[in-house]
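The values are calculated or read from the model by the stated rules, or taken from the named source; none is laboratory data. Since we're looking at a predicted model, the values are computed, not measured. Because the Cβ atoms are built from the backbone with ideal geometry, glycine has one as well, and the counts that use them run over all protein chains shown.
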């Protein structure tokens, strides 16, 4: 109950108070050149399926509904930020369509399924919620090696999430693309920073839009920073198995 009261207090803050809590900051890791992130209102599908993954120990990531009770996010978001210990599921909350203190749905987690292994390709998690979110989820579409190669640089991807410096309204970076691919992983140039971990890389248009990757952070490769995502091929089976 105490945790829910804290959540209610956060969500009850006025838009003015929320704006005051978001001072202008310099560019953060994962923003390359001009900042291409654009704030938007998550009031229509598929944006209603995107929300914040809030931790009672503090901090948040981004999550995307990929099933009636399934939320896709990064596995590192489900660990204690200081100790690295796995968080109890009931201390993780998903708030869909969150903006300026308002939201579409709030539900606790009841269980997690995460990737196995030490590498970054295992940094994914499927969170099962305590109830049906009542929101249309996004489909997951795994890209083959050939499809990933075809998507490089073509500017057809969108990444949407809740950044650390814009925590109370989601932003999306559009017209970005893949810059490389290795087994299980995608390199991309969609602007993203802290808080955007767990946000989906989306491909397609209209009803055909689907999750093809999961942003997990920024890495150094080929002498410079690159944004890194887990390919949907790594978690598509877990999503399908939980439905």
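Values computed for the structure shown
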| read-out | value |
| --- | --- |
| Elements of type strands (runs of 3 or more DSSP E) in the range 126-243, at least 2 residues being touching a residue at least 60 places away in the same chain (Cβ under 8 Å), under 22 Å from residue 69 (Cβ atoms) and in contact with a strand residue (DSSP E or B) (Cβ under 6 Å, 6 or more places away or on another chain) | 157-161, 200-203, 210-221 |
| Residue count for the range 41-61, restricted to those that are loosely packed, with under 15 Cβ neighbours inside 10 Å and in contact with a strand residue (DSSP E or B) (Cβ under 7 Å, 6 or more places away or on another chain) | 1 |
| Residue list for the range 174-197, restricted to those being surrounded by 24 or more Cβ atoms within 10 Å (Cβ to Cβ) and out of contact with any helix residue (DSSP H, G or I) (no Cβ under 7 Å at 6 or more places or on another chain) | 188, 190, 191, 192, 196 |
| Residue count for the range 21-40, restricted to those that are modelled with pLDDT under 95 and either closer than 12 Å to residue 100 by Cβ or part of a strand (DSSP E or B) (or both) | 2 |
| Extreme residue, farthest from residue 124 (Cα to Cα), among residues of the range 145-171 that are surrounded by fewer than 21 Cβ atoms within 10 Å (Cβ to Cβ) and within 13 Å of the chain's Cα centre (by Cα) | 167 |
| Residues located in the range 62-75, provided they are out of contact with any helix residue (DSSP H, G or I) (no Cβ under 8 Å at 6 or more places or on another chain), in a loop (DSSP other than H, G, I, E, B) and buried (at least 23 other Cβ atoms within 10 Å of the Cβ) | 74 |
| Tally, over the range 76-106, of residues that are out of contact with any helix residue (DSSP H, G or I) (no Cβ under 7 Å at 6 or more places or on another chain), buried (at least 21 other Cβ atoms within 10 Å of the Cβ) and more than 15 Å from residue 161 (Cα to Cα) | 1 |
| Scope the range 79-103; condition closer than 22 Å to residue 67 by Cβ, part of a loop (DSSP other than H, G, I, E, B) and free of Cβ contacts under 8 Å to residues at least 60 places away in the same chain; matching residues | 87, 88, 97 |
| Index of the failed condition, residue 113 passing every other in (1) surrounded by 21 or more Cβ atoms within 10 Å (Cβ to Cβ); (2) assigned to a strand (DSSP E or B) | (1) |
